[in-house]
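The values are calculated or read from the model by the stated rules, or taken from the named source; none is laboratory data. In this text, all values refer to a predicted model and were calculated from it rather than measured experimentally. A quick note on method: Cβ atoms are made from the backbone with ideal geometry, for glycine too, and the neighbour counts reach across all protein chains shown.
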Amino acid sequence: MAGHGSKKVIYAALAGNLGIAVTKFGAAFWTGSSAMLSEAIHSLVDTCNQGLLLVGLKRAARPPSPLHPFGHGIEIYFWAFVVALLIFALGGAFSIYEGIAKLGAPEPIESVWVSFAVLGVSLALEGYSFAIAWGELKATHPDLSPLEAVMRSKDPSVFAVLCEDAAALAGLVVALVGVAIAHFLELPVFDAIASIVIGLILVAVAIFLARETLSLITGESASREVQEGVRRVLDADPRIVEVQEVLTMQLGPNEILLAASLDFDDGLDGEAIETGVREVTAALSALNPSITRVFVRPVSGKRAALSPLAGSPSPSPAA
């Protein structure tokens, strides 16, 4: 399952955003609302983003090859980074531009009841999509707040959708308030202001997502819980005198590479050390199913820098 994320979350968001985008575009052209048009563009971008995440999941699931011996799991992080760029450029920047353009010539909103109806339905659908994404994230990080869970998650198919849905819900509330003020107080300029605020929300979310995915693309380590678990396993082995170094790297949402430099008891012969390497590798792989590649380097405390690498990769699950 290396490279696989949660398709259920993406499909739910894709279906919801596609329907919402079509409805919002119709309402925007009917009412002439700038905030509604910004929301329509936002939903269209989100729909395209879910499609890109599905492409990323498919490509990340390809098996290892001579050119990519550790598989293609990291590619999902690239596509998530592209999603962040699209939210920034097509969602946020366009909404800000549209709002600024309307500030100079604000127009009253026609058939405002259409806008209210569409925004209300959109809030319900986006809320449902958000609940599915949050439920998926909460299952893996039950004790963390939403922000902490997003920052600790290694699966962009979940945390990117959750961030998109959160931005969508915030944008819908802003659009609803802007349209209401523009209509009931007869201040159409607030429709344009709402569009600008929606754009700023999208830009902020895009920057946050770009930061999170960039860290994963550039070789982010496994979570603190995984590293602490690895240390406990190694410290508990009586054959290991000292754990000199433990390195981890996230190769995909469900795939971790682990390398450890271990100082074994000097009383062990070569065969015993080989047995120790195999058993330590098996124990680390059993610790967490995501640890799919394990490399153990037996070293001497005095000659660690000169010791050769002795690796024992665990079997990689079928993609």
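Miscellaneous remarks
- Odd one out for residue 58, checked against (1) touching an Asp or Glu at 6+ places or on another chain (Cβ under 9 Å); (2) among the basic types (Lys, Arg); (3) surrounded by fewer than 21 Cβ atoms within 10 Å (Cβ to Cβ): (1)
- Positions within segment 219-256 being of a type outside the set (A, V, I, L, M), in a loop (DSSP other than H, G, I, E, B) and within 16 Å of the chain's Cα centre (by Cα), in sequence order: 219, 220, 221, 223, 253, 254
- Single residue of 89, 117, 21, 93 found to be over 23 Å from the mean Cα position of the chain (by Cα) and closer than 29 Å to residue 181 by Cβ: 117
- Any hit, segment 145-159, residues being surrounded by fewer than 16 Cβ atoms within 10 Å (Cβ to Cβ) and polar (S, T, N, Q): yes
- Set 125, 200, 172: member being at pLDDT 85 or above and under 18 Å from residue 48 (Cβ atoms): 125
- On the stretch given as segment 223-265, residues that are of a type in the set (A, V, I, L, M) and under 30 Å from residue 80 (Cβ atoms) total 11.
- Answer from 134, 113 - the residue that is surrounded by fewer than 19 Cβ atoms within 10 Å (Cβ to Cβ) and either free of Cβ contacts under 8 Å to residues at least 60 places away in the same chain or in a helix (DSSP H, G or I) (or both): 113
- Residue 309 being surrounded by fewer than 18 Cβ atoms within 10 Å (Cβ to Cβ) and modelled with pLDDT under 90: yes
- Hits in segment 58-108 (condition: assigned to a helix (DSSP H, G or I) and of a type in the set (Ser, Thr, Tyr)): 77, 95, 97
- One residue stands out among those in segment 220-254 that are among the hydrophobic types (A, V, I, L, M, F, W, C) and touching a Phe, Trp or Tyr at 6+ places or on another chain (Cβ under 7 Å): the one that is surrounded by the most Cβ atoms within 10 Å (Cβ to Cβ), which is 251.
- One residue stands out in segment 185-214 among those that are over 18 Å from residue 87 (Cα atoms) and in a helix (DSSP H, G or I): the one that is farthest from the chain's Cα centre (by Cα), namely 189.
- Qualifying residue in segment 274-284 (condition: at pLDDT 90 or above, assigned to a helix (DSSP H, G or I), under 30 Å from the mean Cα position of the chain (by Cα) and surrounded by fewer than 17 Cβ atoms within 10 Å (Cβ to Cβ)): yes
- Pairs are defined by a Cβ separation below 8 Å, a sequence spacing of at least 6 or placement on different chains, a first member in segment 32-58 that is touching a residue at least 12 places away in the same chain (Cβ under 8 Å) and of a type in the set (S, T, N, Q), and a second member that is surrounded by fewer than 24 Cβ atoms within 10 Å (Cβ to Cβ) and not in a helix (DSSP H, G or I); the pairs so defined are 33/109.
- Applying the condition of being of a type in the set (D, E, K, R) and touching a helix residue (DSSP H, G or I) at 6+ places or on another chain (Cβ under 7 Å) to segment 226-246 and asking which residue is farthest from residue 298 (Cα to Cα) yields 237.
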